[in-house]
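The values are calculated or read from the model by the stated rules, or taken from the named source; none is laboratory data. The structure presented is a predicted model; accordingly, all values stated were derived computationally and were not measured. Cβ placement follows ideal geometry from the backbone for every residue including glycine, while neighbour counts extend to all protein chains displayed. When the accessible area is computed, the model is the full protein with side chains, heavy atoms only, and any ligands, DNA or RNA have been set aside. Shrake-Rupley method; radii C 1.70, N 1.55, O 1.52, S 1.80 Å.
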Amino acid sequence: MSDLLSLAECERMSTARVHEEYRRHVGRGQVSLMTSFTFGRELVAHAEGTTIHTTDGRRVLDFTGGVGVLNHGHNHPRILAARKRFQEAQRMEVHKTYFSPYVAALGHNLAYLLPGDLTLSFFPNSGAEAVEGAVKLAYKYHQGRRHTVLRSDIARHGRLLGSGSLSAGEPGRFPGIPGVVTYRYDDLESVRKAVADAGDVYAILVEPFSATTLRACSEEFLRGLRQLCTAQDIVLIFDEVRTGWGRTGTLFHFMRHEGLVPDVLVTGKAFGGGKSSVCAYVAREKVFRTAYDHLADALTHSTSTTYYGFGEENATAIEAINIAVEDDYPARARAIEEILAPGLTHLRDRFPDTVSAVRGCGASYGVLLDGGEETRELARKAMPGGLGADPVLRAKLAACAVASALLRDHRACVHYDLNGTNPLVIGPPLVAEPEHVERFLDGFEATLAKGLPRLLTTFLSEKVTTLW
């Protein structure tokens, strides 16, 4: 192995050198997959707002939204200033025996903004950790006397051993939380049956808006869930890791339904302002105090992760919340929707053989692609062993082809989601202006106008290796 690399040497690496180091020390599969796309063959020099600048001087319109992280855009000036202020003052990052004003203030801000008695918070690093912490809280609330937890058939709660077992498509791949039972998303009778059959449900997890399938629970379902959980003393957990802080047009998606309050809310991604790896679960008074708020368990949760309450991360989240409120990010998402929704509907109507559906809300939309029989025949020929007959794999291949062409020809970046029907996901930062949305729609229309068979043929000829 060569000598240690310095930060300066790292920043001067060529694309080829980065690929080689990935192959040797990160994973060959990632290089094979990502170099199938234009973005995998470029490096980023810097980024701000909605724009990525590559090392070869190109500009990319980033409409991935960092998969939920970049509501504030890249390198928001107030976020950078908050972190610089923390560093220059040489504030203390983490210590288990001193109180943190940043933890105190962040907990205060969440309690101030959220409805009801959602007032007690815990701050781990990732959404998966926060979900597992919420489930652990629910289990502890019932003192281990109940053993079943419910999640939906389209759930995506993370990919750790515990959160993976709570996600659709993941159980069975690795060991996980025992007692996980599935219900049909947005189907109250399915939940009622699962609760009755189990008889000992301690928690129900639900995503009020599923960011991976772009589906939303009805108000009737969510209120019915709340009523059922109250009657059965089941801890109701809302996972809004990807949909919080204005993304769908309200501060959190569930808050569009007045008076609806979960027992635990999980948030993350944009919570850190695009610079901080911090998440949270926020619990109601009764649930948290019953589980943890006594001397024997006072430190059970707060010492369960080394970086709980990490100073600069929490300081960043404090500033991120203030920006989202002061700049009214929910209103910004609704303004984006006013242009994006009719624009995508127009494309669906113009290209009915390519676009099978458009769904979403606020600044989170998905486009489902089909392409008709010609595309299906191309997929069958391209994928070995009959894989081309699988509609999920075909949808993934179609989304890849469109995303690749959009970036190559129009310098606009979107992503496709691996869950469910593999939609092409459009999730611009909430700092996007109307001209950014219009520019994206123009490029998307020009891309679709080429026809999915042609896009797929080009994509397959460029490079396709391990995409499934």
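None of THR316, THR305 is under 23 Å from GLY244 (Cβ atoms), surrounded by 14 or more Cβ atoms within 10 Å (Cβ to Cβ) and at pLDDT 95 or above except THR316.
Here is a yes/no grid of residues against (1) part of a loop (DSSP other than H, G, I, E, B); (2) open to solvent by less than 70 Å² (accessible area, probe 1.4 Å); (3) among the hydrophobic types (A, V, I, L, M, F, W, C); (4) within 30 Å of THR458 (Cβ to Cβ):
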| position | (1), (2), (3), (4) |
| --- | --- |
| ASP3 | yes, no, no, no |
| GLU9 | no, no, no, no |
| GLU20 | no, yes, no, yes |
| GLY29 | no, yes, no, yes |
| SER32 | no, yes, no, yes |
| ALA45 | no, yes, yes, yes |
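Scanning the range 406-451 for residues that are within 19 Å of ALA341 (Cβ to Cβ), more than 23 Å from the chain's Cα centre (by Cα) and open to solvent by 50 Å² or more (accessible area, probe 1.4 Å) turns up PRO434, GLU435, GLU438, ARG439, ASP442.
Residue count for the range 141-187 satisfying the condition of being under 17 Å from VAL264 (Cβ atoms), assigned to a helix (DSSP H, G or I) and either modelled with pLDDT of 95 or more or among the polar types (S, T, N, Q) (or both): 2.
Residues checked against (1) surrounded by fewer than 17 Cβ atoms within 10 Å (Cβ to Cβ); (2) aliphatic (A, V, I, L, M); (3) at negative phi:
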| position | (1), (2), (3) |
| --- | --- |
| VAL264 | no, yes, yes |
| LYS275 | no, no, yes |
| TYR281 | no, no, yes |
| LYS286 | yes, no, yes |
| HIS294 | yes, no, yes |
| ILE321 | no, yes, yes |
| GLU338 | yes, no, yes |
| GLY343 | no, no, yes |
| SER364 | no, no, yes |
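For the range 47-67, residues that are open to solvent by 10 Å² or more (accessible area, probe 1.4 Å), touching a residue at least 24 places away in the same chain (Cβ under 8 Å), closer than 23 Å to THR316 by Cα and not in a loop (DSSP other than H, G, I, E, B) total 6. LEU106 satisfies every condition listed in (1) under 30 Å from GLY164 (Cβ atoms); (2) in a helix (DSSP H, G or I); (3) open to solvent by 30 Å² or more (accessible area, probe 1.4 Å); (4) not aromatic (Phe, Trp, Tyr) except (3).
Got at least one residue in the range 294-313 being within 21 Å of ASP117 (Cα to Cα) and without any contact (Cβ under 8 Å) to a residue 24 or more places away in the chain? Yes, because at least one residue in the range 294-313 is within 21 Å of ASP117 (Cα to Cα) and without any contact (Cβ under 8 Å) to a residue 24 or more places away in the chain.
Which one is nearest to ASP263 (Cα to Cα) among residues in the range 212-238 that are in a strand (DSSP E or B) and open to solvent by 10 Å² or more (accessible area, probe 1.4 Å)? By that ranking, first place goes to ALA216.
Restricting attention to the range 113-140, which residues are part of a helix (DSSP H, G or I) and within 20 Å of LYS269 (Cα to Cα)? So that I can check it myself, show each step before the final result.
Just the residues of the range 113-140 that are part of a helix (DSSP H, G or I), to begin with: 113, 127-140.
Within the range 113-140, LEU113, GLY127, ALA128, GLU129, ALA130, VAL131, GLU132, GLY133, ALA134, VAL135 qualify.
A Cβ distance below 7 Å, combined with a sequence gap of six or more or placement on separate chains, defines the contacts here; from the range 207-219, residues that are more than 17 Å from HIS157 (Cβ to Cβ) and hydroxyl-bearing (Ser, Thr, Tyr) reach residues that are assigned to a loop (DSSP other than H, G, I, E, B) and open to solvent by 50 Å² or more (accessible area, probe 1.4 Å) in the pairs SER218/ASP186.
Looking for something open to solvent by 60 Å² or more (accessible area, probe 1.4 Å) and either assigned to a helix (DSSP H, G or I) or out of contact with any strand residue (DSSP E or B) (no Cβ under 9 Å at 6 or more places or on another chain) (or both) - is there at least one such residue anywhere in the range 242-256? So far as the range 242-256 goes, yes, one or more of its residues are open to solvent by 60 Å² or more (accessible area, probe 1.4 Å) and either assigned to a helix (DSSP H, G or I) or out of contact with any strand residue (DSSP E or B) (no Cβ under 9 Å at 6 or more places or on another chain) (or both). If you go through the range 309-336 and keep only what is under 20 Å from the mean Cα position of the chain (by Cα) and either of a type in the set (Lys, Arg) or not in a helix (DSSP H, G or I) (or both), you end up with ARG332, ARG334.
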